[in-house]
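Engineer: Before I ask anything, here is the structure I am working with.
The values are calculated or read from the model by the stated rules, or taken from the named source; none is laboratory data. Source: prediction; values computed, not measured. Glycine also receives a Cβ, built like all others from the backbone with ideal geometry; neighbour counts cover every protein chain displayed. Side chains are part of the model used for accessible areas, which takes the heavy atoms of the whole protein and leaves out ligands, DNA and RNA. Shrake-Rupley method; radii C 1.70, N 1.55, O 1.52, S 1.80 Å.
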Amino acid sequence: MLKNIMIAALVATGSLFVVVTGQPALAEGKVHYLAIHVDDNDKAKMNIALNNAANVTEYYESKGETVKIEIVAYGPGLHMLREDTSPVKSRIAAMSLQHENLSFAACGNTLNGMAKKEGKAPKLVSEATVVTSGVVRLMELQEEGWAYVRP
Amino acid sequence: MLKNIMIAALVATGSLFVVVTGQPALAEGKVHYLAIHVDDNDKAKMNIALNNAANVTEYYESKGETVKIEIVAYGPGLHMLREDTSPVKSRIAAMSLQHENLSFAACGNTLNGMAKKEGKAPKLVSEATVVTSGVVRLMELQEEGWAYVRP
Amino acid sequence: MLKNIMIAALVATGSLFVVVTGQPALAEGKVHYLAIHVDDNDKAKMNIALNNAANVTEYYESKGETVKIEIVAYGPGLHMLREDTSPVKSRIAAMSLQHENLSFAACGNTLNGMAKKEGKAPKLVSEATVVTSGVVRLMELQEEGWAYVRP
């Protein structure tokens, strides 16, 4: 998002007139970005995270804007994305089918820890993508200008 | 600080005319912005959020600087702003009188859900302002450069 | 990423001499910044915060990059940094020795409150640095471009 401003600035610096807006998302085709952090093994929290994703999607769709949402699960929150233990598995499946803008990142560090403790790697729901580290993922997304909420 | 870099970049580019809009914090320098996220129905958490608001206000006032603070409540945290159930109602009233820089946003999505479940919309404390979606509000504030804490 | 863009911007603008101050991340590009917020008096949460710090450090070290991490403790979370009550005292000592990039900030406001209640100021672990206000510290770090997570 900041990148876009800079690119705009770059393009514009060839000229004599530069306008920099503080909200590039709006300047640029209305794309918004949200990282949602889940690290509790708590069905209610997982459902709030999913409610948040649904509300945000609906809000921006109704405005004709776009939003990308990534739910990042780690620590005890990784259960959200485990095939065998997720209490919100069917809702994740339904929401993934309905919303292309929604993705799920599972922390590889947590997964390795669980595999070691349980003797084999737990299977994840098909919607999940494994990232090296959930907390690093949350950092990277924020470095790229994503908003962050931790329900 | 991004401001400084942007200004440095723009000055360095030799642009003859520059307009920077949309992010007062960056343009003015002595204004700070904080969004506080409340989504637990937990009196202790609500009081920590209010303590945070008081401490931040006092700190910047003592430095002769300005800070705007918005407490955004949604999900079970919306009880913080309900006339009938808020355990911190009188403290909100007192702090609002004392601190003009402090505002309270109530999530419209949560409110609609509660209205549906309870048969009528719960009344909110007079200090609350209803926003369409609490999580969207937290995104918007971050997009505008506000800091975020979730006590 | 911002670094690359900034450098691209500066190179592209043909500036002969540019000084950018205030955010080493932008100037150097391979430095990352993470603030971790601890405000629960909960050993499991404190350990997740420490796990996060260890995983993030290991990740960036393996990439040949640098990361600075500050764990900011306030409210009930201040117990993490109290000499007499911290349940993770020895782990903090060990990690501090091992990781120069890791620091611990203790909220002065919370400390004053505890001192008043207990009749004397609690002693902190030697790794902790007292800041005026934990929440202000989290704001300042975000204003300087640090990512934020609240485990």
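Engineer: Mind telling me which of the residues B:110, B:57 ends up being assigned to a helix (DSSP H, G or I) and in contact with a helix residue (DSSP H, G or I) (Cβ under 8 Å, 6 or more places away or on another chain)?
Structural biologist: Matching residue, one of B:110, B:57: B:110.
Here's the yes/no breakdown for (1) more than 15 Å from the chain's Cα centre (by Cα); (2) away from chain B (no Cβ under 11 Å); (3) under 25 Å from residue B:146 (Cα atoms); (4) free of Cβ contacts under 8 Å to residues at least 40 places away in the same chain:
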{"residue": "C:59", "(1), (2), (3), (4)": "yes, yes, no, yes"}
{"residue": "C:101", "(1), (2), (3), (4)": "no, yes, no, no"}
{"residue": "C:112", "(1), (2), (3), (4)": "yes, no, no, yes"}
{"residue": "C:146", "(1), (2), (3), (4)": "no, no, yes, no"}
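Engineer: Let me ask something else about it. Mind counting the residues in the range A:40-87 that are closer than 30 Å to residue A:118 by Cα and not polar (S, T, N, Q)?
Structural biologist: Summing the residues that are closer than 30 Å to residue A:118 by Cα and not polar (S, T, N, Q) in the range A:40-87 gives 25.
Engineer: Could you pull out the residue among C:64, C:75 that is on the phi > 0 side of the Ramachandran plot and more than 10 Å from chain B (Cβ to nearest Cβ)?
Structural biologist: When all the criteria are applied, what remains is C:64.
Engineer: Is one or more of the residues making up the range C:92-99 hydroxyl-bearing (Ser, Thr, Tyr), under 18 Å from the mean Cα position of the chain (by Cα) and part of a strand (DSSP E or B)?
Structural biologist: Scanning the range C:92-99, I find no residue that is hydroxyl-bearing (Ser, Thr, Tyr), under 18 Å from the mean Cα position of the chain (by Cα) and part of a strand (DSSP E or B), so the answer is no.
Engineer: Same structure again: In this structure, is residue B:27 among the aliphatic types (A, V, I, L, M), part of a helix (DSSP H, G or I) and modelled with pLDDT of 95 or more?
Structural biologist: So residue B:27 does not fit the description; no.
Engineer: All but one of (1) hydroxyl-bearing (Ser, Thr, Tyr); (2) part of a strand (DSSP E or B); (3) surrounded by fewer than 16 Cβ atoms within 10 Å (Cβ to Cβ) hold for residue C:148; state the number of the condition that does not hold.
Structural biologist: The single condition residue C:148 does not satisfy is (3).
Engineer: Restricting attention to the range A:92-117, report how many residues are under 24 Å from residue A:68 (Cα atoms), of a type outside the set (S, T, N, Q) and open to solvent by 70 Å² or more (accessible area, probe 1.4 Å).
Structural biologist: Going through the range A:92-117 one residue at a time, the tally reaches 2.
Engineer: Filter the range A:118-136 for residues that are in a helix (DSSP H, G or I) and buried (at least 22 other Cβ atoms within 10 Å of the Cβ); which is farthest from the other protein chains (Cβ to nearest Cβ)?
Structural biologist: A:134
Engineer: Limited to the range C:53-86, what total is found for residues that are farther than 22 Å from residue C:109 by Cβ and open to solvent by 20 Å² or more (accessible area, probe 1.4 Å)?
Structural biologist: Of the residues in that region, 11 qualify.
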